[in-house]
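These notes concern the structure reproduced below.
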Amino acid sequence: MTEFQRVILIHYHEIGLKGKNRGRFEQRLLLNCKDLLRAFPVIDIHRISGRLVVFLKEGTSLTSACACEEMVARIPGVARASCGFKCPRTIDAIYEAAVAALGEAGPFETFKVQARRNHTDFPITSMDMNRLVGSVLCEAFPDACVRMKGCDVQVDVEVIQNAAFVYAKSIRGIGGLPVGVSGKLACLLSSGIDSPVATWRMARRGAVCIGVHFSGAPVTADTSSYLVDDIAQVLAQTGCIARVYRCAMGEYQRDISVEAPPALRVILYRRLMFKAAERIAALEGAKGLVTGESLGQVASQTLENIAATDDAVSMPILRPLIGTDKQDIIADAQQVGTFEISSQDAPDCCTLFMPRRPETHARLDAVRAAEAAYPVDAWADALAETAQVTDYRCSAYRPARKTETHPAS
């Protein structure tokens, strides 16, 4: 049996709807994939006939190819990843590759063939290829039968100018747009469940995400910062975070808690966080802030309190989870791989000096009056200037300024 070169075909949907700038989106996805697949036996990645094709080294095992396919499916912008073969553009080679591809597709009882020729100089039409390849597969797998709708496996054959691609094993990708096509955003990132999911969702929309974490240090242990690093390591596996700023605001929270009305403490904490994050966003050239808030989930996330917090900054604030149920957020966290990390208990700024009965319907004039007693602008400047910075792997990231950074552990 001929040994054909293994390939991973990368399919995209939303990018295919783009107009004259489609090439920029495809090129960004190609560069992201090249960077993120460096640990796999990849020779090169090319754009071919509305697809990206990952060419694997000769002799790559099915196990390695499947691992690469699974990684590709997690990269933003990928709608589907298919593990298959490149073969010569002859019908006999296509027959042989189709048998090999279907044999690696896993258990099945029904199948169909979907062939497409991109050049009419190939003598066999798409419809004829469906019939011919299907007949060969019926002989090779006599216990299986053809079903045109609702089949277990679809065998795809794509004939291009100088080769053919045959594949049957496909897995769904996360979709969206490639990281790096939608500008930068500063994401308020805690060690909890919600904000990592919000960051991931914005990365899926093509944004380069800069994390900003506020810990309760030095009043509390810095445990949450270590958990945020673990979360960032997971997000960085698919290029979904580029850099994290860690700001210790425990002392400022303590000062606020001494004299501020207890019911307004949480809102004052959050206003300070937003002000500091806005300054970091400006340093990075980011165009907006991102939070993991979901309407009504906790006291600070009522409409009145959200408005009182937004008033602290002039930059747009994006809330990708605002209408999302908690169980759906948890499902996303499990898919991303951050749920187990976020489920660990860690003291952070969100739990520090919490009042017994926080305000749920704050009046903006009362919040502004309470905040006027503190040098919050100076505090925000200090938080931004003293933040510890850690860089992560994101090929689309370009730092807007030089900073003293710490490599990701």
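Where a number appears in this text, it was derived from the coordinates with a stated rule and is not lab data. A quick note: this is a predicted structure, and the numbers were derived from the prediction, not measured. No Cβ is skipped: glycine too gets one built from the backbone with ideal geometry, and neighbour counts run over all protein chains shown.
Summing charges over all other residues whose Cβ lies under 11 Å from the Cβ of Val234, with Lys and Arg as +1 and Asp and Glu as -1, gives -2.
Would you mind checking Lys20/Lys184; Lys34/Lys326; Lys149/Lys326 for any pair whose Cα atoms are more than 29 angstrom apart? Show your work: numbers first, answer last.
Working: Lys20/Lys184 23 Å; Lys34/Lys326 35 Å; Lys149/Lys326 35 Å.
Beyond 29 Å: Lys34/Lys326; Lys149/Lys326.
Could you list Leu17, Leu188, Leu102, Leu30 in order of exposure, starting from the residue whose Cβ has the fewest other Cβ atoms within 10 Å?
Numbers: Leu17 9, Leu188 22, Leu102 25, Leu30 18.
So the ranking, lowest neighbour count to highest, is Leu17, Leu30, Leu188, Leu102.
Pairs of alpha-carbon atoms within less than 8 angstrom and 6+ residues apart define the contacts here; what relative contact order does the stretch 6-144 have, in percent?
The normalised contact order for the stretch 6-144 reaches 26 percent.
Please work out which option in (i) 66, 45, 43; (ii) 82, 41, 38; (iii) 66, 62, 39 gives Cα extents along the principal axes in Å calculated from these coordinates, and answer with its label. After the calculation, the listed value that fits is (ii).
Quick check: residue separation of Ala282 and Glu58 times 0.36 nm, minus the Cα distance between them. What number comes out in nm? Spell out each step's value before the answer.
Numbers: separation 224, 0.36 × 224 = 80.64 nm, distance 4.77 nm.
Gain in length upon complete extension: 75.9 nm.
This model, with +1 at the C-beta of Lys and Arg and -1 at the C-beta of Asp and Glu, gives the stretch 93-251 a dipole about its Cα centre of some 580 debye.
Taking the alpha carbon gyration tensor of the stretch 23-137, multiplying each eigenvalue by 5 and rooting it gives semi-axes of 27, 18, 13 Å, largest first.
Extension gain, Ala221-Ser314: 0.36 nm per intervening residue step, less the Cα-Cα distance, totals 30.3 nm.
Across the options Pro261, Phe339, Pro316, the greatest Cα extent toward the positive end of the charge dipole of the stretch 234-379 (unit charges at beta carbon of Lys, Arg, Asp, Glu) belongs to Pro261. Over the residues of the chain, the helix contribution to mean residue ellipticity at 222 nm works out to -11500 deg cm²/dmol, using -39500 (n - 2.57) for each DSSP H run of at least 4.
Think of each Lys and Arg Cβ as +1 and each Asp and Glu Cβ as -1; about the Cα centre, that makes the dipole of the chain roughly 1200 debye.
Sum up the charges of everything whose Cβ sits under 12 Å from the Cβ of Glu58, counting Lys and Arg as +1 and Asp and Glu as -1, but leave Glu58 out. Numbers along the way, then the final one.
Details: positive: Arg6, Lys57, Lys86; negative: Glu3.
Neighbourhood net charge equals +2.
Please list, in order, the residues from the stretch 174-216 whose amide nitrogen is less than 15 Å from a point placed 7 Å along the Cα→Cβ vector of Thr386. In the stretch 174-216, the label zone of Thr386 (backbone N under 15 Å from the point 7 Å along Cα→Cβ) covers 214-216.
Take the Cα gyration tensor of the stretch 82-175, multiply each eigenvalue by 5, square-root it, and list the three semi-axes largest first, rounded to whole angstrom.
Working: eigenvalues 81, 49, 29 Å².
Rounded to whole Å, the semi-axes are 20, 16, 12.
Loop-located GluC sites (Glu not before Pro) in the stretch 358-404 (DSSP state other than H, G, I, E, B) with a sparse environment of at most 12 neighbouring Cβ atoms within 10 Å: Glu404. In sequence order, the stretch 231-237 has phi-based couplings of 5, 5, 4, 5, 4, 5, 4 Hz under the Karplus curve 6.51 cos²θ - 1.76 cosθ + 1.60, θ = phi - 60°, and Gly or Pro positions carry x. Sequentially through the stretch 83-97, phi angles give Karplus couplings (6.51, -1.76, 1.60; θ = phi - 60°) of 9, x, 9, 9, 9, x, 8, 10, 5, 5, 5, 5, 3, 5, 5 Hz, Gly and Pro residues having no value and appearing as x.
In a fully extended conformation the segment linking Arg80 and Asp230 would gain 51.3 nm over its present Cα-Cα distance, using 0.36 nm per residue. Each Lys and Arg adds +1 at its Cβ and each Asp and Glu adds -1 at its Cβ; summed about the Cα centre, the stretch 244-372 shows a dipole of about 240 debye.
Counting only aspartates and glutamates at least 8 places from Lys112 when in the same chain, those with an alpha carbon closer than 13 Å to its own are Asp152, Asp156.
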